[in-house]
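Written out below as structure tokens is the structure these notes cover.
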Amino acid sequence: MKKYFSILISITLLLTVIGCGNATNEGTNQAGEVTDKPTITLGNPPYQHVWFINGIIQNIAEELGYPVEIAEGEIGVIFTAISQGNIDIYPDVWSPSLHSTYIEKYKDSVELVGTLYEKAPIGWAVPSYVDIQSIEDLKGRETEFKGRVVGYESGAGQMMTSEEIIEGYGLDYELVSGSVPTMLAEVKKATMNQEPVVFLAWRPHTMFQLFDIKLLDDPKGYFQQDDVRSGVSKDLKEKAPDLYSFLEGFQISIDDIELALLKIEEENADPVQLAKEWVEQNRSSIDQLLQK
């Protein structure tokens, strides 16, 4: 029954993504003039840092006169939709390691453009009060950690890498899937009670501001510090050359993203509005990109 339920969820998400389409609609450019430009569809996974980045791209696309639609789904479905031309942009491809499976699978139908930020920290983490420093140190301490590594959506690249880690390090642990909120709820509960917990962590994310945690060393090198790039459909350069040119040079710092994420979580701020403010604060550099 669990497998059947997962298949139904995947089909539903796929229909949601494909249903967005790529129609041509009326948009307006920066001068407020009506333009006849194609709709740009952005892939939106259940990760808040991507919502903010998509908000920036949405602001720029609309400024250039493109109507924008948001297609929600998990990452595997989004990659499939980009390869089929149903999604135009997904600005969160971790290269070369974390999303290597998807990059290889769709190398002929998904193009990687620009680099948003470099060497993003990622791995398994524990609270700072836990007396281990490496993934290797988890061996033999299964009872203490309840034999669990707490993860999130099963299709995420970090989850697939974590399955390899469990086998590669010879760990007798179960990788628990769920969602990022449920994972962080377990981390919060554990830290409040000063209990051991091992879970998946990365930046940009507010978890490093909300909790006193540390990444574990990975001596076998399963996790690398990837660069984060935009994955786009093969026809985007022809379909929206000015937006494509922007993506080639678009960069943002991890600190800027995490500042926005804290405002979203603590102040219930609107990611799109925060993105608009970021665009205005970086107007000079953005204008240089748009004038290329």
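The values are calculated or read from the model by the stated rules, or taken from the named source; none is laboratory data. Since the structure is predicted, the reported quantities are computational estimates derived from the model, not experimental observations. So basically every Cβ, Gly included, is an ideal-geometry build from the backbone, and we count neighbours across all protein chains shown.
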Selection status of Ile213, surrounded by fewer than 21 Cβ atoms within 10 Å (Cβ to Cβ), under 24 Å from Asp256 (Cα atoms) and in contact (Cβ under 8 Å) with a residue 24 or more places away in the chain: yes
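Here is a yes/no grid of residues against (1) closer than 17 Å to Tyr117 by Cβ; (2) of a type in the set (Phe, Trp, Tyr); (3) within 19 Å of the chain's Cα centre (by Cα); (4) in a helix (DSSP H, G or I):
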position	(1), (2), (3), (4)
Gln224	yes, no, yes, no
Gly231	yes, no, yes, no
Tyr244	no, yes, no, yes
Glu265	no, no, yes, yes
Val272	no, no, yes, yes
Ser285	yes, no, no, yes
Leu289	yes, no, no, yes
If you go through the range 43-67 one residue at a time, how many are of a type in the set (Val, Ile, Thr) and more than 16 Å from Glu277 (Cβ to Cβ)? 1
In the range 246-263, how many are within 15 Å of the chain's Cα centre (by Cα), surrounded by 15 or more Cβ atoms within 10 Å (Cβ to Cβ) and not in a helix (DSSP H, G or I)? 1
Which of the residues that make up the range 101-119 are more than 15 Å from Asp88 (Cα to Cα) and in a strand (DSSP E or B)? Thr115, Leu116, Tyr117, Glu118, Lys119
Criterion first (of a type in the set (D, E, K, R), assigned by TED's automatic domain parsing to the domain that holds Ile166 and either farther than 23 Å from Lys107 by Cβ or crowded, with 17+ Cβ neighbours inside 10 Å (or both)) does Lys220 satisfy it? no
Give the residues of the range 75-88 that are touching a Ser or Thr at 6+ places or on another chain (Cβ under 6 Å) and either assigned to a helix (DSSP H, G or I) or buried (at least 21 other Cβ atoms within 10 Å of the Cβ) (or both), sorted by residue number. Ile82, Ser83, Ile87, Asp88
